[in-house]
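A.B. asks: Let me give you the structure first, and then I'll get to my questions.
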Amino acid sequence: MTQPHLLPCADNANPRTAAALARLRAAMADIEADIAAHQGVYPYNHGRVTQSELCRRADVKKATLQTPLHKDTTRVQVLAWLDQLATQLAGTRVATRERVTVVADSLAEEVERLTAELQAALLQLAVSGQRMAVLEQENAELRIRLQGA
């Protein structure tokens, strides 16, 4: 998922504005990373990513996006990013819970499959260990015969 490029501040822009934009960009990247790390489910705020949630993560007051400086630029881009994100996320608590359940069920199935593979590998290791012990014993007997001959 690619985040929209927030308009950069002019070189003479207020440092607080530049810092707020940088925090918003970082929060957007962090939210996308959280979603990717949790199999497409946002792990906070009941699975919903909203303007308020983004502002909370960025430590920017939501009212900041309503100021004349941001209302027609940054806020529009944030809303576009949220719309893009909404197409990939479940929108309600129930839908999020269902999606989390599906992910958890698939992870449970994966654990069962890996457990079965581990048991098969351990069994093969035990058989191989027994075979190796037999071969070492035969090797020792052959060395003794070779020394006696």
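The values are calculated or read from the model by the stated rules, or taken from the named source; none is laboratory data. Keep in mind that this is a model prediction, so the values were computed, not measured. Don't worry about glycine lacking a Cβ; one is built from the backbone with ideal geometry, like all the others, and counts go over all protein chains shown.
A.B. asks: Look through the range 1-26, keep the residues that are over 14 Å from Leu79 (Cα atoms) and surrounded by 15 or more Cβ atoms within 10 Å (Cβ to Cβ), and return whichever of them is modelled with the highest pLDDT.
C.D. replies: Top of the filtered list is Arg23.
A.B. asks: Which of (1) in contact (Cβ under 8 Å) with a residue 60 or more places away in the chain; (2) farther than 30 Å from Glu98 by Cα; (3) small (Gly, Ala, Ser) does Gly40 not meet, given it meets every other one?
C.D. replies: Status for Gly40: all satisfied but (2).
A.B. asks: What helices (runs of 4 or more DSSP H) lie completely within the range 39-149 and have 3 or more residues being modelled with pLDDT of 90 or more, basic (Lys, Arg) and farther than 30 Å from Thr17 by Cβ?
C.D. replies: By residue number, 93-148.
A.B. asks: Just to verify a result, which residue in the range 52-61, among those that are surrounded by 14 or more Cβ atoms within 10 Å (Cβ to Cβ) and either more than 25 Å from Val103 (Cβ to Cβ) or outside the structural domain of Gln84 (by TED's automatic domain parsing) (or both), is farthest from the chain's Cα centre (by Cα)? Give the steps one after another, and end with the answer.
C.D. replies: First pass over the range 52-61, keeping only residues surrounded by 14 or more Cβ atoms within 10 Å (Cβ to Cβ): 53-58, 60.
Of the ones still in play, those that are also either more than 25 Å from Val103 (Cβ to Cβ) or outside the structural domain of Gln84 (by TED's automatic domain parsing) (or both) are 55, 58, 60.
Values: Cys55: 21, Ala58: 19, Val60: 24 Å.
Ranking the qualifying residues of the range 52-61, first place goes to Val60.
A.B. asks: Name the pairs whose Cβ atoms lie under 6 Å apart, with the first residue in the range 12-31 and not assigned by TED's automatic domain parsing to the domain that holds Leu82, the second surrounded by 20 or more Cβ atoms within 10 Å (Cβ to Cβ), and 6 or more positions between them or separate chains?
C.D. replies: Correct list of pairs: empty, since none qualify.
A.B. asks: Is it the case that some residue within the range 124-141 is in the same structural domain as Ala26 (by TED's automatic domain parsing), more than 31 Å from the chain's Cα centre (by Cα), among the charged types (D, E, K, R) and surrounded by 10 or more Cβ atoms within 10 Å (Cβ to Cβ)?
C.D. replies: Within the range 124-141, not a single residue is in the same structural domain as Ala26 (by TED's automatic domain parsing), more than 31 Å from the chain's Cα centre (by Cα), among the charged types (D, E, K, R) and surrounded by 10 or more Cβ atoms within 10 Å (Cβ to Cβ).
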